[in-house]
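Nothing in this text is a laboratory measurement; each read-out follows from the coordinates by a stated rule. From a predicted model like this one, the values you see are computed outputs, not experimental measurements. Don't worry about glycine lacking a Cβ; one is built from the backbone with ideal geometry, like all the others, and counts go over all protein chains shown.
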Amino acid sequence: MDAAAGLGALFVSSFVSATLLPGGSEAVLWTVVRSDHGLLWPAIGVATAGNTLGGLTSYALGRVLPRRDKIRGIDWVRRHGAPALLLSWLPVVGDGLCVAAGWLRVNPWLATACIALGKFARYCVVAVTA
């Protein structure tokens, strides 16, 4: 596998996986790392960046939603603030947490840091098992 093509596919997959669209970025990450163990850290970085940007897309969508709409995860984010976004990697729930954080106007810098940290930790676990 061409490294650049593999990392490009990983970025797209990880971005899409973090939005409301379905995706399987873990499988792509696993494949990239298995094909070339020298790509371990670049692949984790690319996957984290793509997935974080996808999560921030959901955050931005939450910021533009009318204030009267009920958002899944709103109570959790209201109670725990930005640290709730450490769980943004969870399937189904994670997207709702990002949207809820945007809707609640959680500090965008802190939100970005928490989203990135949670996603980085998940991708480290996946990549190390490859």
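For this structure, a couple of remarks:
- Residue identified as farther than 20 Å from ALA121 by Cβ, surrounded by fewer than 17 Cβ atoms within 10 Å (Cβ to Cβ) and aliphatic (A, V, I, L, M) among ALA60, ALA27: ALA60
- Complete set of residues in segment 80-119 that are of a type in the set (Ser, Thr, Tyr) and surrounded by fewer than 24 Cβ atoms within 10 Å (Cβ to Cβ): THR112
- Among the candidates ARG63, ARG78, residue that is more than 20 Å from PHE15 (Cα to Cα), among the basic types (Lys, Arg) and either touching a Phe, Trp or Tyr at 6+ places or on another chain (Cβ under 8 Å) or in a helix (DSSP H, G or I) (or both): ARG78
- Residue within segment 33-43 that is among the acidic types (Asp, Glu) and free of Cβ contacts under 8 Å to residues at least 40 places away in the same chain present: yes
- Tabulated pairs, segment 7-24, first touching a residue at least 40 places away in the same chain (Cβ under 8 Å), second acidic (Asp, Glu) and surrounded by 21 or more Cβ atoms within 10 Å (Cβ to Cβ), C-beta under 6 angstrom, 6+ apart or interchain: LEU20/ASP95
- In a residue-by-residue description of segment 60-74, the property of being under 30 Å from ALA3 (Cβ atoms) and touching a helix residue (DSSP H, G or I) at 6+ places or on another chain (Cβ under 7 Å) applies to no position.
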